[in-house]
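Student: Next up is a structure, given as structure tokens.
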Amino acid sequence: MLRRISSPSNVNIARRLILNPLASSSSVSTRMSSTKAQTHFNQVLKTEIESIKAAGTYKSERVIISPQNSAIKVAGKDGKASAQINFCANNYLGLADHPEVIARSKHYLDTHGSGLSSVRFICGTQDIHKDLENQITKFYGTEDTILYASCFDANAGIFETILTDQDAVISDALNHASIIDGIRLCKAKRFRYKNCDMNDLEARLQEADKAGARLKLIATDGVFSMDGKIAPLDKICDIAEKYNALIFVDDCHSTGFLGPNGRGTAEYYGVQDRVHIVNSTLGKALGGAAGGYTTGCKEMIDLLRNRSRPYLFSNSLPPAVVGSASAALDLIESAKTNGLFDQLWGNTKLFRKLLGDAGFTIKGDNHPISPVMLGDARLASEFADKMLQRGIYVIGFSYPVVPKGEARIRVQLSAAHTEEQIRQAAAAFIDIGRELGVIGAKSKL
């Protein structure tokens, strides 16, 4: 006699047994076991998600229904779109929807197709890929460049390829997650120094020497993305040369706009010839689409082309993305004359002054990343929701993206912002800050 069957999945199993008495009992058992495993898995995931929600760190995605710019449209829960001023994009120069960037992207789509359906070394390298790599190499004044699908991939591929168990990597404590993950993939000895603490860096280099490291590589963000803090590359170079160490910089939040010509953190400090490896992105100031790269000496790039796993096992960049990045680089070459740099740094100075005068704590080194510190995760989330109601699109950041107790709203300025938009955002911050008790009632513009 068949046992009573209640669930739909078990009903299907029973039907199969009735229609085919010779059906394998082991396959039925496997199916039921698999169902139990899925149920248990779902419960584990649900418990984890509920704990995130209880901590106030659950992240929901807002849906944008317009091109990326300082003014965007966001889909509402009622199906209606709302106009918002966007203050949390990495679109530092406002090039994400620039007509020249879009036009070249479309042109490359027409001339070189949608994609290559291949990795680079098989049949995925077009002339436009080599042209962009040469363009980036010329931009930095290095010897060669290799393109990746993202800077995360570039960071995942660099350390494992160039370092062995005979070497050491000395990493800043607040480095981006992609650097941390990339270092985990390599076999080198690992040392971590306190954020931008040169005394601690020197101590870790001494430990690496005592451990007999063949190569010593200092790894740092050029700009720390959650703090807007610029790494002291000039001092890092001095210490690196004292201990015969190499320097790696992830320059994602400075490429295209930091330094006299937008060459990034090394140019900002005048140490371009003292930094050995730069990884960065095409997905922020350089058009905002996707892609990343490593630039440096020719021998290193040759080795990466042959051994870097993210490069060897990922499709090459789509032509449209190559086109948008190439056009963005051309625009940056003339940024001094077209006013983009002046607009970005003027906007940054104005916003930081308005909120600082009002009593807010703003972290960072006068960088377009301007974190408004709130401390509590729930407060940051509530604050961001109220800002959205005022037409200002910002996001609250909390653990694990930032340390516990250091929740914030990370404001990011762009050359695309107008003075009116910045003053409107500052007024909203001040009103809501008073309402939630973040700043005193007497604070004013």
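The values are calculated or read from the model by the stated rules, or taken from the named source; none is laboratory data. All values derive from a computational prediction rather than experimental measurement. As a convention, Cβ positions derive from the backbone with ideal geometry for all residues, glycine included, and neighbour counts pool all protein chains shown. All accessible areas refer to the heavy atoms of the entire protein, side chains included, with ligands and DNA or RNA removed. Shrake-Rupley method; radii C 1.70, N 1.55, O 1.52, S 1.80 Å.
Student: What's the number of the only condition in (1) more than 15 Å from Q135 (Cβ to Cβ); (2) at pLDDT 95 or above that L282 fails to meet?
Tutor: Status for L282: all satisfied but (1).
Student: Something else: Is there any pair linking a residue in the stretch 247-271 that is part of a loop (DSSP other than H, G, I, E, B) to one that is buried (at least 24 other Cβ atoms within 10 Å of the Cβ) and of a type in the set (D, E), with Cβ under 6 Å and at least six apart or on different chains, and which?
Tutor: Between residues of the stretch 247-271 that are part of a loop (DSSP other than H, G, I, E, B) and residues that are buried (at least 24 other Cβ atoms within 10 Å of the Cβ) and of a type in the set (D, E), the close pairs are G264/D251.
Student: Here is a follow-up. If you go through the stretch 124-152, how many residues are open to solvent by less than 80 Å² (accessible area, probe 1.4 Å) and either of a type in the set (S, T, N, Q) or without any contact (Cβ under 8 Å) to a residue 60 or more places away in the chain (or both)?
Tutor: Residues in the stretch 124-152 being open to solvent by less than 80 Å² (accessible area, probe 1.4 Å) and either of a type in the set (S, T, N, Q) or without any contact (Cβ under 8 Å) to a residue 60 or more places away in the chain (or both): 7 in total.
Student: Would you be able to tell me the number of residues in the stretch 179-203 that are within 30 Å of S316 (Cα to Cα) and buried (at least 21 other Cβ atoms within 10 Å of the Cβ)?
Tutor: Count: 4.
Student: So, E267, is that one open to solvent by 20 Å² or more (accessible area, probe 1.4 Å), modelled with pLDDT of 95 or more, under 28 Å from A327 (Cβ atoms) and of a type outside the set (V, I, T) or not?
Tutor: Against the criterion (open to solvent by 20 Å² or more (accessible area, probe 1.4 Å), modelled with pLDDT of 95 or more, under 28 Å from A327 (Cβ atoms) and of a type outside the set (V, I, T)), E267 qualifies.
Student: Still on this structure, I have one more. Might you let me know whether the stretch 374-383 holds any residue that is among the polar types (S, T, N, Q), surrounded by 14 or more Cβ atoms within 10 Å (Cβ to Cβ), touching a strand residue (DSSP E or B) at 6+ places or on another chain (Cβ under 8 Å) and assigned to a loop (DSSP other than H, G, I, E, B)?
Tutor: No, there is no match, as no residue in the stretch 374-383 is among the polar types (S, T, N, Q), surrounded by 14 or more Cβ atoms within 10 Å (Cβ to Cβ), touching a strand residue (DSSP E or B) at 6+ places or on another chain (Cβ under 8 Å) and assigned to a loop (DSSP other than H, G, I, E, B).
Student: Let me ask something else about it. Scan the stretch 351-371 for residues that are assigned to a loop (DSSP other than H, G, I, E, B) and either open to solvent by 10 Å² or more (accessible area, probe 1.4 Å) or under 18 Å from A427 (Cα atoms) (or both) and jot them down.
Tutor: Of everything in the stretch 351-371, those that are assigned to a loop (DSSP other than H, G, I, E, B) and either open to solvent by 10 Å² or more (accessible area, probe 1.4 Å) or under 18 Å from A427 (Cα atoms) (or both) turn out to be G359, F360, T361, K363, G364, D365, N366.
Student: Of all residues in the stretch 304-324, how many are surrounded by 15 or more Cβ atoms within 10 Å (Cβ to Cβ) and either out of contact with any strand residue (DSSP E or B) (no Cβ under 9 Å at 6 or more places or on another chain) or not in a helix (DSSP H, G or I) (or both)?
Tutor: 10
Student: Which numbered condition in (1) at pLDDT 95 or above; (2) out of contact with any Pro (no Cβ under 7 Å at 6 or more places or on another chain) is the only one that N366 fails?
Tutor: Of the numbered conditions (1) at pLDDT 95 or above; (2) out of contact with any Pro (no Cβ under 7 Å at 6 or more places or on another chain), the odd one out for N366 is (1).
Student: When you scan the stretch 235-246, how many residues do you find that are surrounded by 22 or more Cβ atoms within 10 Å (Cβ to Cβ) and in contact (Cβ under 8 Å) with a residue 40 or more places away in the chain?
Tutor: Residues in the stretch 235-246 being surrounded by 22 or more Cβ atoms within 10 Å (Cβ to Cβ) and in contact (Cβ under 8 Å) with a residue 40 or more places away in the chain: 1 in total.
Student: Of (1) at pLDDT 95 or above; (2) crowded, with 16+ Cβ neighbours inside 10 Å; (3) closer than 27 Å to A285 by Cβ, I395 satisfies all except one. Which?
Tutor: The single condition I395 does not satisfy is (1).
Student: Kindly indicate whether any position in the stretch 74-86 is touching a residue at least 60 places away in the same chain (Cβ under 8 Å) and farther than 19 Å from R390 by Cα.
Tutor: no
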